[in-house]
Amino acid sequence: MQSRKTEPGKITDVVLFGADTFASLAWFCLTNDSLYRVQAFTVDASYRSVSSHEGLPVVSFENLSEHYPPDKVRLLFPLGYHAINGLRRDRYQQAKAMGYEFISYVSSRASTWPDLHIGENSLIYEHAIIQPFARIGSNVIIRSGAHISHHCQVADHAFVAAGVTLGGNVVVGEQAFIGLGAVLRDGLRIAERSFIGAGSVVLKDTEADGVYVGNPAQKIARTALQVTGG
Ligand SMILES: CC(C)(COP(=O)(O)OP(=O)(O)OC[C@H]1O[C@@H](n2cnc3c(N)ncnc32)[C@H](O)[C@@H]1OP(=O)(O)O)[C@@H](O)C(=O)NCCC(=O)NCCS
(Lines give C-alpha, C1' and ligand atoms only; values in the text may rest on other atoms or scores of the structure.)
Protein backbone atom coordinates (compact mmCIF):
# COMPACT_ATOMS: atom_id res chain seq x y z
CA MET A 1 0.00 0.00 0.00
CA GLN A 2 1.25 3.45 -0.90
CA SER A 3 1.94 5.50 2.21
CA ARG A 4 0.10 8.82 2.34
CA LYS A 5 2.71 11.44 3.04
CA THR A 6 1.85 14.49 5.09
CA GLU A 7 2.13 17.48 2.76
CA PRO A 8 4.03 20.42 4.22
CA GLY A 9 1.63 23.04 5.55
CA LYS A 10 -1.42 20.81 5.11
CA ILE A 11 -3.64 20.02 8.07
CA THR A 12 -3.99 16.29 8.73
CA ASP A 13 -6.95 14.83 10.62
CA VAL A 14 -6.08 12.53 13.52
CA VAL A 15 -7.89 10.31 16.01
CA LEU A 16 -6.25 9.72 19.40
CA PHE A 17 -6.55 6.47 21.32
CA GLY A 18 -7.63 7.11 24.92
CA ALA A 19 -10.00 9.44 26.74
CA ASP A 20 -8.03 10.13 29.92
CA THR A 21 -5.62 12.80 31.12
CA PHE A 22 -2.77 11.41 29.04
CA ALA A 23 -4.95 11.63 25.92
CA SER A 24 -5.86 15.20 26.90
CA LEU A 25 -2.17 16.08 27.12
CA ALA A 26 -1.54 14.81 23.59
CA TRP A 27 -4.68 16.56 22.31
CA PHE A 28 -3.50 19.84 23.84
CA CYS A 29 0.01 19.50 22.38
CA LEU A 30 -1.23 18.61 18.90
CA THR A 31 -3.80 21.41 18.96
CA ASN A 32 -1.32 24.07 20.03
CA ASP A 33 1.87 22.80 18.47
CA SER A 34 1.22 21.02 15.17
CA LEU A 35 -0.72 20.98 11.92
CA TYR A 36 -2.56 17.89 13.09
CA ARG A 37 -6.25 18.40 13.82
CA VAL A 38 -7.69 15.99 16.38
CA GLN A 39 -11.13 14.87 15.21
CA ALA A 40 -12.04 12.36 17.92
CA PHE A 41 -10.88 9.99 20.62
CA THR A 42 -11.29 6.24 20.52
CA VAL A 43 -11.30 3.66 23.32
CA ASP A 44 -12.22 0.00 23.70
CA ALA A 45 -16.01 -0.32 23.76
CA SER A 46 -15.88 -1.71 27.30
CA TYR A 47 -14.09 1.46 28.47
CA ARG A 48 -16.35 3.92 26.65
CA SER A 49 -17.96 5.57 29.67
CA VAL A 50 -18.35 9.02 28.05
CA SER A 51 -19.47 10.07 24.57
CA SER A 52 -17.27 13.16 24.40
CA HIS A 53 -13.86 14.25 25.68
CA GLU A 54 -12.32 17.71 25.32
CA GLY A 55 -15.44 18.61 23.31
CA LEU A 56 -14.79 15.89 20.72
CA PRO A 57 -16.55 12.57 20.08
CA VAL A 58 -15.39 9.39 21.79
CA VAL A 59 -16.04 6.38 19.57
CA SER A 60 -15.42 2.73 20.30
CA PHE A 61 -12.26 1.31 18.77
CA GLU A 62 -14.19 -1.69 17.50
CA ASN A 63 -16.37 0.63 15.35
CA LEU A 64 -13.71 3.19 14.51
CA SER A 65 -13.61 2.49 10.78
CA GLU A 66 -17.37 3.14 10.44
CA HIS A 67 -16.93 6.69 11.75
CA TYR A 68 -13.34 7.49 10.80
CA PRO A 69 -12.12 5.17 8.04
CA PRO A 70 -8.41 4.63 7.37
CA ASP A 71 -8.42 6.78 4.23
CA LYS A 72 -9.74 9.80 6.17
CA VAL A 73 -7.69 9.94 9.35
CA ARG A 74 -4.43 8.89 10.87
CA LEU A 75 -4.03 7.57 14.40
CA LEU A 76 -1.84 8.27 17.41
CA PHE A 77 -1.78 6.24 20.63
CA PRO A 78 -0.84 8.34 23.68
CA LEU A 79 -1.30 5.34 25.93
CA GLY A 80 0.62 4.61 29.12
CA TYR A 81 2.61 1.53 30.13
CA HIS A 82 -0.17 -0.83 31.21
CA ALA A 83 0.89 -4.49 30.89
CA ILE A 84 4.50 -3.32 30.42
CA ASN A 85 3.47 -1.40 27.30
CA GLY A 86 1.66 -4.46 25.95
CA LEU A 87 -1.72 -2.76 25.68
CA ARG A 88 -0.25 0.04 23.54
CA ARG A 89 1.63 -2.52 21.41
CA ASP A 90 -1.53 -4.62 20.86
CA ARG A 91 -3.83 -1.74 19.93
CA TYR A 92 -1.21 -0.25 17.60
CA GLN A 93 -0.76 -3.58 15.85
CA GLN A 94 -4.53 -4.08 15.61
CA ALA A 95 -4.98 -0.63 14.08
CA LYS A 96 -2.21 -1.36 11.60
CA ALA A 97 -3.99 -4.58 10.58
CA MET A 98 -7.17 -2.52 10.12
CA GLY A 99 -5.33 -0.46 7.50
CA TYR A 100 -4.65 2.69 9.50
CA GLU A 101 -1.59 4.83 9.16
CA PHE A 102 -0.06 6.79 12.01
CA ILE A 103 1.52 10.09 12.80
CA SER A 104 4.36 10.83 15.18
CA TYR A 105 4.47 13.98 17.24
CA VAL A 106 7.73 15.75 18.12
CA SER A 107 7.25 18.82 20.27
CA SER A 108 8.62 22.00 18.75
CA ARG A 109 10.12 22.50 22.21
CA ALA A 110 12.09 19.24 22.08
CA SER A 111 15.76 19.46 21.18
CA THR A 112 16.47 17.38 18.10
CA TRP A 113 18.88 17.35 15.15
CA PRO A 114 18.34 17.00 11.40
CA ASP A 115 19.28 13.32 11.56
CA LEU A 116 16.38 12.50 13.91
CA HIS A 117 15.37 8.87 13.34
CA ILE A 118 11.89 8.19 14.62
CA GLY A 119 9.34 5.58 13.65
CA GLU A 120 5.58 5.96 13.41
CA ASN A 121 3.10 6.39 16.25
CA SER A 122 5.71 7.86 18.58
CA LEU A 123 5.57 10.93 20.80
CA ILE A 124 8.42 13.13 21.97
CA TYR A 125 7.43 15.77 24.47
CA GLU A 126 8.84 19.17 25.33
CA HIS A 127 12.45 19.61 26.43
CA ALA A 128 13.36 16.04 25.63
CA ILE A 129 16.87 16.00 24.17
CA ILE A 130 17.54 13.54 21.36
CA GLN A 131 21.20 13.72 20.43
CA PRO A 132 22.69 12.99 17.01
CA PHE A 133 22.89 9.30 16.03
CA ALA A 134 20.16 8.27 18.47
CA ARG A 135 17.34 6.16 17.03
CA ILE A 136 13.77 6.10 18.26
CA GLY A 137 11.52 3.24 17.13
CA SER A 138 7.78 3.07 16.48
CA ASN A 139 5.07 3.32 19.14
CA VAL A 140 7.55 4.88 21.56
CA ILE A 141 6.80 7.56 24.15
CA ILE A 142 9.57 9.91 25.30
CA ARG A 143 8.29 12.22 28.03
CA SER A 144 9.35 15.75 28.80
CA GLY A 145 12.92 16.48 29.79
CA ALA A 146 14.29 13.02 29.01
CA HIS A 147 17.88 13.00 27.77
CA ILE A 148 18.58 10.45 25.04
CA SER A 149 22.32 10.58 24.42
CA HIS A 150 24.16 9.97 21.18
CA HIS A 151 23.91 6.50 19.60
CA CYS A 152 21.18 5.34 21.98
CA GLN A 153 18.55 3.05 20.51
CA VAL A 154 15.04 3.05 21.91
CA ALA A 155 13.19 0.07 20.48
CA ASP A 156 9.52 -0.19 19.48
CA HIS A 157 6.82 0.13 22.17
CA ALA A 158 9.21 1.47 24.85
CA PHE A 159 8.25 4.20 27.33
CA VAL A 160 10.81 6.68 28.69
CA ALA A 161 9.39 8.80 31.51
CA ALA A 162 10.10 12.43 32.31
CA GLY A 163 13.59 13.43 33.40
CA VAL A 164 15.31 10.15 32.50
CA THR A 165 18.99 10.30 31.56
CA LEU A 166 20.38 7.73 29.15
CA GLY A 167 24.15 7.76 28.73
CA GLY A 168 25.62 7.27 25.27
CA ASN A 169 25.06 4.00 23.37
CA VAL A 170 22.35 2.70 25.69
CA VAL A 171 19.92 0.23 24.09
CA VAL A 172 16.40 0.23 25.47
CA GLY A 173 14.68 -2.99 24.43
CA GLU A 174 11.18 -3.46 23.06
CA GLN A 175 8.41 -2.61 25.50
CA ALA A 176 10.86 -1.59 28.22
CA PHE A 177 9.76 1.06 30.73
CA ILE A 178 12.19 3.59 32.23
CA GLY A 179 10.67 5.36 35.26
CA LEU A 180 10.75 9.02 36.24
CA GLY A 181 14.23 10.46 36.60
CA ALA A 182 16.11 7.16 36.24
CA VAL A 183 19.77 7.31 35.24
CA LEU A 184 21.22 4.63 32.96
CA ARG A 185 24.99 4.32 32.63
CA ASP A 186 26.37 4.58 29.12
CA GLY A 187 26.54 1.44 27.00
CA LEU A 188 23.91 -0.53 28.94
CA ARG A 189 21.48 -3.02 27.37
CA ILE A 190 18.04 -2.77 28.90
CA ALA A 191 16.31 -6.00 27.97
CA GLU A 192 12.85 -6.20 26.46
CA ARG A 193 10.01 -5.59 28.91
CA SER A 194 12.37 -4.55 31.72
CA PHE A 195 10.84 -2.14 34.22
CA ILE A 196 13.13 0.48 35.78
CA GLY A 197 11.61 2.11 38.86
CA ALA A 198 11.44 5.86 39.39
CA GLY A 199 14.73 7.45 40.42
CA SER A 200 16.76 4.29 39.95
CA VAL A 201 20.42 4.37 38.94
CA VAL A 202 21.11 1.45 36.62
CA LEU A 203 24.72 0.33 36.35
CA LYS A 204 24.34 -3.16 34.84
CA ASP A 205 22.47 -4.72 31.94
CA THR A 206 18.99 -5.96 32.82
CA GLU A 207 17.06 -9.16 32.16
CA ALA A 208 13.83 -9.47 30.21
CA ASP A 209 10.71 -8.87 32.32
CA GLY A 210 12.79 -7.87 35.35
CA VAL A 211 11.93 -5.01 37.74
CA TYR A 212 14.83 -2.92 39.00
CA VAL A 213 14.75 -0.24 41.71
CA GLY A 214 17.19 1.75 43.83
CA ASN A 215 20.72 3.11 43.63
CA PRO A 216 22.44 1.04 42.49
CA ALA A 217 19.39 -0.60 40.93
CA GLN A 218 18.68 -4.14 42.11
CA LYS A 219 16.29 -6.68 40.65
CA ILE A 220 13.27 -7.40 42.83
CA ALA A 221 11.13 -10.51 42.95
CA ARG A 222 8.13 -9.16 41.07
CA THR A 223 7.87 -9.17 37.27
CA ALA A 224 7.25 -6.17 35.04
CA LEU A 225 3.81 -7.53 34.18
CA GLN A 226 2.97 -7.79 37.87
CA VAL A 227 3.87 -4.16 38.65
CA THR A 228 2.10 -2.76 35.59
CA GLY A 229 -1.09 -4.84 35.60
CA GLY A 230 -2.47 -6.77 32.72
C1 LIG B 1 8.69 0.19 41.31
C2 LIG B 1 7.22 0.58 41.53
C3 LIG B 1 6.38 0.07 40.37
C4 LIG B 1 6.75 -0.10 42.79
O5 LIG B 1 5.47 0.35 43.08
P6 LIG B 1 4.55 -0.43 44.12
O7 LIG B 1 4.30 -1.78 43.59
O8 LIG B 1 3.36 0.43 44.41
O9 LIG B 1 5.48 -0.62 45.37
P10 LIG B 1 5.50 0.16 46.76
O11 LIG B 1 5.38 1.65 46.56
O12 LIG B 1 4.49 -0.51 47.64
O13 LIG B 1 6.97 -0.14 47.27
C14 LIG B 1 7.40 -1.44 47.62
C15 LIG B 1 8.81 -1.32 48.17
O16 LIG B 1 9.72 -0.96 47.10
C17 LIG B 1 10.33 0.31 47.37
N18 LIG B 1 10.33 1.06 46.12
C19 LIG B 1 9.28 1.28 45.31
N20 LIG B 1 9.62 1.99 44.24
C21 LIG B 1 10.94 2.24 44.38
C22 LIG B 1 11.85 2.95 43.58
N23 LIG B 1 11.47 3.52 42.41
N24 LIG B 1 13.13 3.02 44.02
C25 LIG B 1 13.50 2.43 45.18
N26 LIG B 1 12.67 1.74 45.97
C27 LIG B 1 11.39 1.65 45.57
C28 LIG B 1 9.45 0.97 48.43
O29 LIG B 1 10.20 1.87 49.21
C30 LIG B 1 8.97 -0.22 49.21
O31 LIG B 1 9.99 -0.64 50.08
P32 LIG B 1 9.66 -1.29 51.53
O33 LIG B 1 8.87 -2.55 51.23
O34 LIG B 1 10.99 -1.52 52.12
O35 LIG B 1 8.84 -0.25 52.24
C36 LIG B 1 7.03 2.13 41.64
O37 LIG B 1 7.46 2.64 42.89
C38 LIG B 1 7.72 2.92 40.55
O39 LIG B 1 8.91 3.26 40.61
N40 LIG B 1 6.93 3.23 39.51
C41 LIG B 1 7.37 4.04 38.38
C42 LIG B 1 6.60 5.38 38.39
C43 LIG B 1 6.93 6.20 37.17
O44 LIG B 1 8.07 6.36 36.80
N45 LIG B 1 5.89 6.70 36.52
C46 LIG B 1 6.03 7.40 35.27
C47 LIG B 1 4.78 8.17 35.00
S48 LIG B 1 4.79 8.78 33.36
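Would you pick out the residues in region 143-161 that are of a type in the set (S, T, N, Q), away from the ligand (no atom under 16 Å from the Cβ) and in a loop (DSSP other than H, G, I, E, B)? Let's see the steps before the verdict.
Restricting attention to region 143-161, the residues satisfying the condition of being of a type in the set (S, T, N, Q) are 144, 149, 153.
Going one step further and asking which of them are away from the ligand (no atom under 16 Å from the Cβ), we end up with 149, 153.
Listed by number, the list holds a single entry, SER149.
Please determine whether any residue of region 208-217 is free of Cβ contacts under 8 Å to residues at least 24 places away in the same chain, part of a loop (DSSP other than H, G, I, E, B) and more than 16 Å from the ligand (Cβ to nearest atom).
no
Yes or no, residue by residue, for (1) surrounded by fewer than 17 Cβ atoms within 10 Å (Cβ to Cβ); (2) acidic (Asp, Glu):
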{"site": "PRO57", "(1), (2)": "yes, no"}
{"site": "GLU62", "(1), (2)": "yes, yes"}
{"site": "GLU66", "(1), (2)": "yes, yes"}
{"site": "ASP71", "(1), (2)": "yes, yes"}
{"site": "LEU76", "(1), (2)": "no, no"}
{"site": "ASN85", "(1), (2)": "no, no"}
{"site": "ARG89", "(1), (2)": "no, no"}
{"site": "GLN94", "(1), (2)": "yes, no"}
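If I filter region 176-197 down to residues being among the charged types (D, E, K, R) and touching a residue at least 24 places away in the same chain (Cβ under 8 Å), which single residue comes out as nearest to the ligand (Cβ to nearest atom)?
Per the criteria, the residue is ARG193.
In this structure, does GLY173 turn out to be open to solvent by less than 60 Å² (accessible area, probe 1.4 Å) and near the ligand (Cβ under 9 Å from one of its atoms)?
No; evaluated as a whole, the condition is false for this residue.
Going through TRP113, TRP27 one at a time, which residue ends up being assigned to a helix (DSSP H, G or I) and either of a type in the set (S, T, N, Q) or modelled with pLDDT of 95 or more (or both)?
Just one listed residue meets the conditions, TRP27.
Suppose we filter region 187-227 for residues that are surrounded by 14 or more Cβ atoms within 10 Å (Cβ to Cβ) and touching a Pro at 6+ places or on another chain (Cβ under 7 Å); how many remain?
Going through region 187-227 one residue at a time, the tally reaches 1.
May I ask you to verify whether ASP156 is modelled with pLDDT of 95 or more, surrounded by fewer than 24 Cβ atoms within 10 Å (Cβ to Cβ), closer than 21 Å to ASN121 by Cβ and in contact with a Ser or Thr (Cβ under 6 Å, 6 or more places away or on another chain)?
Yes: the conditions hold for ASP156.
If you go through region 123-138 one residue at a time, how many are within 22 Å of VAL183 (Cα to Cα) and either open to solvent by less than 50 Å² (accessible area, probe 1.4 Å) or in the same structural domain as PRO69 (by TED's automatic domain parsing) (or both)?
Residues in region 123-138 being within 22 Å of VAL183 (Cα to Cα) and either open to solvent by less than 50 Å² (accessible area, probe 1.4 Å) or in the same structural domain as PRO69 (by TED's automatic domain parsing) (or both): 9 in total.
When you check VAL183 against the structure, is it hydrophobic (A, V, I, L, M, F, W, C) and either in contact with a Ser or Thr (Cβ under 6 Å, 6 or more places away or on another chain) or open to solvent by 20 Å² or more (accessible area, probe 1.4 Å) (or both), yes or no?
Taking the combined requirement at face value, the residue satisfies it.
Pairs only if they're at least six apart or on different chains, beta carbon under 6 angstrom, first in region 140-154 and assigned by TED's automatic domain parsing to the domain that holds GLY179, second of a type in the set (Ser, Thr, Tyr) and part of a loop (DSSP other than H, G, I, E, B); list them, first residue then second.
Filtered contacts from region 140-154: VAL140/SER122; ARG143/TYR125; SER144/TYR125.
Go through region 36-77 and report how many residues are in a strand (DSSP E or B) and among the basic types (Lys, Arg).
2
The values are calculated or read from the model by the stated rules, or taken from the named source; none is laboratory data. As the structure is a computational prediction, the values presented were derived from the model and not from experiment. Note that each Cβ is placed from the backbone with ideal geometry, even for glycine, and that neighbours are counted across all protein chains shown. Accessible surface is based on the protein model in full, side chains and every heavy atom, while ligands, DNA and RNA are left aside. Shrake-Rupley method; radii C 1.70, N 1.55, O 1.52, S 1.80 Å.
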